Structure formats: structure tokens, C-alpha cells
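Only the coordinates and a few stated rules stand behind these numbers; no lab work does. The model shown is predicted, which means the values in this text are computed figures rather than measured ones. Cβ sites come from the backbone with ideal geometry, for glycine too, and all protein chains shown count toward neighbours.
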Amino acid sequence: MSFYERVAESYDDWSAHVTDDIDFYVDLALRADGPIVELAVGNGRVAIPVAKATGGRVIGTDSSPAMLEQARSRAAEAAADLDLRLSDMRDLELDEACGLIYCPGRSLLHVPTWAERRQIFERVAKSLKHGGMFAWNVLAFDHRVAAEIDGEEALRPAPHVNRLNVPENRIDMVLEDGATTSLWWATKNEWLGLIDVAGLELEDLYGDFSGSALDAASREYVFVARRP
Ligand SMILES: C[S@@+](CC[C@H](N)C(=O)[O-])C[C@H]1O[C@@H](n2cnc3c(N)ncnc32)[C@H](O)[C@@H]1O
């Protein structure tokens, strides 16, 4: 069983404290002109408030059936209009041009190679209206922090060990039964390169969700790009 199939039921509990990104994405959604899509929607943690705030439908894609099941029941409970689709973001295909595509929760770090990320960015660009926005946030990777958590045991969302793999550019979270999810880190210039090759333009880059400028203390890249 894959990592997210294993942790889907406890994801709500795990992520309950992660709230500082929600208003940021809701604000973008309220300004979006056209359909809204969340890539790697998980349990709908962000998509549900976005759908409620806009009063419209949010398309949410994810590669984990168990996470989508969580999103389905949470959306029903909240009476939020989510159109949930089982799909890998590398294969993104949408039949309508969108006003906003967004990817919170650092999910793009689950994509191993630059080529696969380029494929996603190109598909996103193709799926946006002219003037439409692509927003995402990812860890601003710090080797010092990663070295501190290397080998550390953590209990949530399920007991696991963090393993830093420097030559492979990633952190593995390994559950007790060996199920693993990996985060492949990327530099600011790699993200800017992806924006460039996809034909998007950088709209904003923040160091947190309150709109602070990126600086040496920032632990997050919060990107907004636009299709010209
Ligand atoms: C950390 S969770 C984030 C979920 C949600 N966006 C949030 O912010 O709470 C990462 C999600 O990415 C999904 N995921 C990982 N790789 C994916 C891929 N290649 N395509 C689609 N979803 C993927 C996982 O199934 C999981 O639901």
C-alpha cells in the first residue's frame, strides 16, 4: 500500500494545524476568472474553503484513491462543490480553460525529476486562460534543517522515520511497513526555470502566506505565475 493510502484516514488530524495557506489560496480564487483546479487535492483541506468562499465548483485531482475518498466525505459534510478526479498531475488534461490552477501543501515536491515537473508546468500553462494564474507553495529547502531531522522518528500522520538522501536530492518519509513518500527539493532558480520554459510569467514570489518578501529566513516559496 502506498504512503498516502496508509495515512489518508489520519491526514485530517495531521494537517489540522496547517491553516495559514488557506486565506492565501481563497483570495486568489476570489479573483480568478474561470474554472478553478487544485492539483493533488488531498482530503480537500484547501479546496473545501475555496469552494465555499467562491460559491462555485472546484476541480480537485489526486493520484490517491484513499485521499480522494477523504475529500469526498469531507466535502459532502461541508456541502462544498468539489469535482474530484483520480489523476496523476503529470498527466493533467482539462477540457476547459481555467482561471486558476493551484497546488498547495508542497505537493509538487513529490514529483521526482525536473522533466516531469516541466511536463506539469507545460500542461498547466496549456490549461489556463490567457491571464489565468498558477500558484503553488513548496519548501525553501535548508540543508541544516534537513540534517537535523535525518534519522528522526516522528509519530504523525503515522509513525515514520525521516531519511535525508543528499545525492538523490530528497527526503524520504518511511513508515514502519516500509511505505515511503519522498520530497525532491528544488531551488528558486529551478522553479523560475519551469515558469520560463512553460511560457508563463512570474507574478509574485513571497516568503510566506502573508505576502512577506522572500529572504534568508524564509522557509517557504510561495509562487504565483500568470499565463500572458
Ligand atoms: C501533502 S499532501 C497535500 C494535499 C493537499 N493539497 C493539502 O494541501 O492538504 C500531498 C498530496 O499529493 C498527492 N500526490 C502525490 N503525488 C501526486 C501526483 N503525481 N499526482 C497527483 N497527486 C499526487 C498525494 O496523494 C497527496 O494527497
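Using every pair of alpha-carbon atoms in the chain, split the distances into 10 Å bins beginning at 0 and state the percent of pairs per bin, rounded to integers.
Histogram of Cα-Cα distances, whole percents per bin: 8, 33, 39, 18, 2.
Using a simple charge model, +1 on the beta-carbon of Lys and Arg, -1 on the beta-carbon of Asp and Glu, nothing else, what dipole does region 179-228 show about its Cα centre, in debye to the nearest 20?
Here region 179-228 has a charge dipole of around 120 debye.
Placing unit charges on C-beta atoms (Lys and Arg positive, Asp and Glu negative, everything else neutral), compute the dipole magnitude of region 1-73 about its Cα centre in debye, rounded to 20.
Computed about the Cα centre, the dipole is about 240 debye.
With unit charges on the beta carbons (Lys and Arg positive, Asp and Glu negative) and the dipole taken about the Cα centre of region 107-228, which residue among 119, 182, 214 sits farthest to the positive side?
119
Among 108, 138, 128, whose Cα lies farthest out toward the positive end of the dipole of region 83-211, if unit charges sit on the beta carbon of Lys, Arg (+1) and Asp, Glu (-1)?
128
Under 1.5 on a/c is rounded, so check that first for region 7-135, then, if it is not, pick prolate when a/b is larger than b/c and oblate when it is not; a ≥ b ≥ c are the square roots of the alpha carbon gyration tensor eigenvalues.
Note, shape of region 7-135 comes out oblate.
Which value, in debye to the nearest 20, describes the size of the charge dipole of region 7-138 about its Cα centre when Lys and Arg Cβ atoms bear +1, Asp and Glu Cβ atoms bear -1, and nothing else is charged?
340
Share of antiparallel DSSP beta bridges in the chain, in percent to the nearest 5?
60
Calculate, in whole percent, how much of the Cα-Cα pair population of region 3-70 lies beyond 13 Å.
The proportion of pairs with Cα distances above 13 Å equals 63 percent.
Please work out the Cα center distance from region 55-91 to region 197-216, rounded to the nearest Å.
26
What order, most packed first, do the peptides 200-211, 98-109, 123-134 have when packing is the mean number of other Cβ atoms within 10 Å of each residue?
Listed from highest to lowest mean packing, they are 98-109, 123-134, 200-211.
Among 40, 10, 65, which residue has its Cα positioned farthest towards the positive end of the charge dipole of region 1-103, with +1 placed on the Cβ of Lys and Arg, -1 on the Cβ of Asp and Glu, and the dipole taken about the Cα centre?
Positive-most Cα among the choices belongs to 10.
Can you give me the relative contact order of region 31-183 as a percent, contacts being Cα pairs under 8 Å and 6 or more apart?
So the answer I get is 19 percent.
Over region 1-113, what is the relative contact order in percent, taking alpha-carbon pairs closer than 8 angstrom and at least six residues apart?
Result for region 1-113 is 31 percent.
Treat region 96-228 as a sphere of radius equal to its Kirkwood radius over Cα pairs and apply Stokes-Einstein at 25 °C in a medium of 0.890 mPa s; give the translational diffusion coefficient in µm²/s, rounded to a whole number.
155
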